[in-house]
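The values are calculated or read from the model by the stated rules, or taken from the named source; none is laboratory data. The model shown is predicted, which means the values in this text are computed figures rather than measured ones. Counting neighbours? That spans all protein chains shown, and the Cβs are built from the backbone with ideal geometry, glycine included.
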Amino acid sequence: MDKIVVAGGRPLNGEIQTSGAKNAALPILVATLLAPGEHRITNLPNLVDISSTLSLLGRIGCPSLFQAESTRVDTTRIAFSEAPYDVVRKMRASVLVLGPLLARHGACKVSLPGGCAIGVRPIDQHLKGLEALGARFELSGGYINGRADGLRGAEINLDMPTVTGTENILMAATLAEGTSVIHNAAREPEIVDLANFLISLGARIEGAGTSTLTIHGVPRLSPASRPYRVLPDRIEAGTYLCAAAIAGGNVTVTRCEPSTLTAVIDKLREAGCEITVDDDRVTCARTGELRPFHVDTQPHPGFPTDMQAQLMAVACIANGTSTFRENIFENRYMHAAELLRMGARIDVQGRVATVRGVPSLTGASVMASDLRASAALVLSGLAAQGVTQVLRIYHLDRGYEDMTARLRGVGASIARLADDADEQAVQASLRETR
Ligand code: EPU
């Protein structure tokens, strides 16, 4: 296992390029199962979650060749229809194979994901929607066994706008007989990207990006003649804008999609950062002190839960008291306890966290609990006095392509080392970055 070490206190200056969106790439890769043949997808991020998805597709019988500029996936044949526990427990998004496998293959066996560091995260809405389309499920030995003898269009009312739930039902409905309508659908940009990909395969979908999705089923889908380019990652881009906010300086995030970053940009402006938007580039400059702000996580287009931890890191050094309300996941404040170890003043009461800004944080050894919490701890290290060591950073590899190199590229003193590297090795690696 590796750790990241950061010597704080250096402002950041320069450009960071955005990768393709993890949470769009995952359903898009899985959606290739709906259309037999060879698919080409570009702008896939080089992440552990992507290699896990490609290996899951491989286990289903669909080989692939990963290349950032054009990945190939061959879904001509489905040999197995199972997502086993050892895959699903590492990556919950594996449950996305349910919809495509039922629609194309009529059967699937998927391990129930169980809870995770940020909450219980049930999949009842996925199952409810697929059942409405005609699938039948039974639970045995921790697995969901699904069957379908041809899916039929239906009206589905989701209890909450679940992102992967909407994606699962959307994918299945593309091959159902007749029309399906998903009410209270998620509106995230990643849903729009998946819908665009499905449309490139021949699907008929209306309303992507709104809370009502209408899908007119078609008998078959086929691979698109041109490679499909995955949307830029708004959470990765937002995280690097926060890096500039917390460390100070001037960072431009390039090759991003500013329209997907509005909620984060608004919050950073409220915090006193100067944000400029130019085509596919967003710059965050911060010279003065940070002002306190209020974050209320909501489904898109509200403030994304995936940026809550990073903004909390920023709030830790703002001049005043900021408040956070986490409405999406019931347990997404694991980073707060670690930030306390760095001198932050945070009080968590259920879904509400109150952050009283301090003049500066102090470097400490901290433990990453999930992907976005890991990012928040690295950001805090950029602003802390002394050296911060972020342990268990394997979470980061799931969602950030080479974060260490990117932050170094804009002037951070940061390195990645083996978990057991001693003090001398830490100091030597940080000296190299000065
Ligand atoms: N929920 C249910 N029942 C369901 C589905 C969801 O009760 O059947 C609840 C969840 O427990 C949660 C809320 O509904 O409280 C919203 O969860 P949602 O289903 O929207 O989350 P998800 O689809 O599992 C995706 C992203 C997450 C992101 C959330 C919210 C992917 C692969 N994952 O998860 O991304 O936080 O939407 O925007 O798209 C991350 O990238 O770090 C990450 C966790």
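Would you confirm, using the coordinates I've provided, whether Arg59 is farther than 21 Å from Ile191 by Cα, in the same structural domain as Leu194 (by TED's automatic domain parsing) and in a helix (DSSP H, G or I)? Break it down stepwise before answering.
Numbers: farther than 21 Å from Ile191 by Cα: yes; in the same structural domain as Leu194 (by TED's automatic domain parsing): yes; in a helix (DSSP H, G or I): yes.
Against the criterion (farther than 21 Å from Ile191 by Cα, in the same structural domain as Leu194 (by TED's automatic domain parsing) and in a helix (DSSP H, G or I)), Arg59 qualifies.
Looking at (1) within 14 Å of the ligand (Cβ to nearest atom); (2) more than 19 Å from Ala243 (Cβ to Cβ); (3) of a type outside the set (D, E, K, R), which is the one condition that is false for Gly320?
Only one criterion in (1) within 14 Å of the ligand (Cβ to nearest atom); (2) more than 19 Å from Ala243 (Cβ to Cβ); (3) of a type outside the set (D, E, K, R) is unmet by Gly320, namely (1).
What is the number of the single condition among (1) crowded, with 22+ Cβ neighbours inside 10 Å; (2) within 15 Å of the chain's Cα centre (by Cα); (3) under 30 Å from Gly248 (Cα atoms) that Ile50 does not meet?
Single failed check for Ile50: (3).
Would you check if Pro11 is surrounded by 15 or more Cβ atoms within 10 Å (Cβ to Cβ) and touching a Lys or Arg at 6+ places or on another chain (Cβ under 8 Å)?
On the way: surrounded by 15 or more Cβ atoms within 10 Å (Cβ to Cβ): yes; touching a Lys or Arg at 6+ places or on another chain (Cβ under 8 Å): no.
It is false that Pro11 is surrounded by 15 or more Cβ atoms within 10 Å (Cβ to Cβ) and touching a Lys or Arg at 6+ places or on another chain (Cβ under 8 Å).
Can you work out which of the residues in segment 323-346 that are free of Cβ contacts under 8 Å to residues at least 40 places away in the same chain and within 16 Å of the ligand (Cβ to nearest atom) is surrounded by the most Cβ atoms within 10 Å (Cβ to Cβ)?
The qualifying residue surrounded by the most Cβ atoms within 10 Å (Cβ to Cβ) is Phe324.
Suppose we filter segment 104-157 for residues that are more than 30 Å from His395 (Cα to Cα), part of a loop (DSSP other than H, G, I, E, B) and not small (Gly, Ala, Ser); how many remain?
Residues in segment 104-157 being more than 30 Å from His395 (Cα to Cα), part of a loop (DSSP other than H, G, I, E, B) and not small (Gly, Ala, Ser): 3 in total.
Looking at Ala83, Ala35 in this structure, which one is crowded, with 16+ Cβ neighbours inside 10 Å, touching a helix residue (DSSP H, G or I) at 6+ places or on another chain (Cβ under 7 Å) and among the small types (Gly, Ala, Ser)? Break it down into steps so the answer makes sense when it comes.
Working: Ala35 fails: touching a helix residue (DSSP H, G or I) at 6+ places or on another chain (Cβ under 7 Å).
Going through Ala83, Ala35 in turn, just one is crowded, with 16+ Cβ neighbours inside 10 Å, touching a helix residue (DSSP H, G or I) at 6+ places or on another chain (Cβ under 7 Å) and among the small types (Gly, Ala, Ser): Ala83.
Any chance you could count how many residues in segment 180-208 are of a type in the set (Gly, Ala, Ser), crowded, with 17+ Cβ neighbours inside 10 Å and more than 24 Å from Gly106 (Cβ to Cβ)? Full working, then the answer.
Let us first name the residues in segment 180-208 that are of a type in the set (Gly, Ala, Ser), namely 180, 185-186, 195, 200, 202-203, 207-208.
Now narrow it down to the ones that are crowded, with 17+ Cβ neighbours inside 10 Å: 180, 185-186, 195, 200, 203, 208.
From what is left, the residues that are more than 24 Å from Gly106 (Cβ to Cβ) are 185-186, 200, 208.
Residues that pass the stated criteria total 4.
Condition check: at pLDDT below 90 and over 20 Å from the mean Cα position of the chain (by Cα). Does Asp124 satisfy that?
On the way: at pLDDT below 90: no; over 20 Å from the mean Cα position of the chain (by Cα): yes.
No, not satisfied.
Can you name the residue in segment 355-389 that is within 16 Å of the ligand (Cβ to nearest atom) and closer than 20 Å to Thr433 by Cβ and, of all such residues, is surrounded by the fewest Cβ atoms within 10 Å (Cβ to Cβ)?
First, pick out the residues of segment 355-389 that are within 16 Å of the ligand (Cβ to nearest atom): 368-379.
Now narrow it down to the ones that are closer than 20 Å to Thr433 by Cβ: 374-375, 377-379.
On the way: Ser374: 29, Ala375: 31, Leu377: 32, Val378: 26, Leu379: 28.
Here the residue is Val378.
In segment 391-410, what residues are more than 16 Å from the ligand (Cβ to nearest atom) and either outside any loop (DSSP other than H, G, I, E, B) or crowded, with 17+ Cβ neighbours inside 10 Å (or both)?
Listed by number, the residues that qualify are Leu391, Thr404, Ala405, Arg406, Leu407, Arg408, Gly409, Val410.
Identify all residues within segment 308-322 that are in contact with a strand residue (DSSP E or B) (Cβ under 8 Å, 6 or more places away or on another chain) and either within 15 Å of Leu339 (Cα to Cα) or surrounded by 24 or more Cβ atoms within 10 Å (Cβ to Cβ) (or both); write none if there are none.
Gln308, Leu311, Met312, Ala315, Cys316, Ala318, Ser322, listed by residue number.
Could you list, in sequence order, all residues of segment 259-311 that are within 16 Å of the ligand (Cβ to nearest atom), out of contact with any Leu (no Cβ under 7 Å at 6 or more places or on another chain) and in a helix (DSSP H, G or I)?
Hits for segment 259-311 are Thr260, Thr262, Ala263, Thr305, Asp306, Met307, Gln308, Ala309, Leu311.
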